[in-house]
1. Using a 10 Å cut-off on Cβ atoms, rank the peptides 78-85, 90-97 from the highest mean neighbour count down.
2. Note down the magnitude of the dipole of the chain about its Cα centre, charges +1 on Lys and Arg C-beta and -1 on Asp and Glu C-beta and zero elsewhere, to the nearest 20 debye.
3. At A60 and A28, where each label point lies 7 Å from the Cα along Cα→Cβ, what is the point-to-point distance in nanometres?
4. Just one of [x] 102; [y] 130; [z] 117 is volume of the Cα convex hull per residue in Å³ calculated from these coordinates, so which is it?
5. Let's test the formula: R0 of 41 Å, r as the Cβ-Cβ distance of A68 and L99. What FRET efficiency results, to the nearest 0.05?
6. Compute the length gained on full extension between Q9 and R77: take 0.36 nm times their separation in residues and subtract their Cα-Cα distance, giving the result in nm to one decimal.
Amino acid sequence: MRKHDIERQLHDTAGRASERARYFADGAANGAQDLLERGRRTIRERFQKRSDYGRQISHAAEDLADEANYQYRRLRRQVNRHPAATVAIVAGTIGAFLLLRRAFKRDDE
């Protein structure tokens, strides 16, 4: 019975970690998507009068948005297929950020 409780607790913890990873991935993707949309609108408005150059910039912005969408979908698949690995990657990224922040904070003092 003790082994069963430990397995259940590990499964529950992995499930919660997976949900949090999905939540953060969704938030990051939504923020990136919003930035791309604003950038696309700004570029279109700015270069609308210059039809040829504006068209090139518009196509480049659309390509960038398509690439961001592809990367987002790829990240979602990664989270769904490998939740534990995703949690480890997110934890490592946050840890590295905190260490760098602490290192640069010491330099300022």
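1. 78-85, 90-97
2. Details: 23 positive and 16 negative charges, 24 e Å.
With Lys and Arg at +1 and Asp and Glu at -1, about 120 debye.
3. 2.6 nm
4. Step by step, volume of the Cα convex hull per residue in Å³ for this structure corresponds to label [y].
5. Step by step, r from the Cβ atoms, then E = 0.90.
6. Value of the extension gain: 22.0 nm.
Computed from the coordinates by the stated procedures, all read-outs in this text should not be read as laboratory data. Predicted model, so just to flag it, every value in this text is computed and none were measured. Note: ideal-geometry Cβ built from the backbone for every residue, glycine included; neighbour counts use all protein chains shown.
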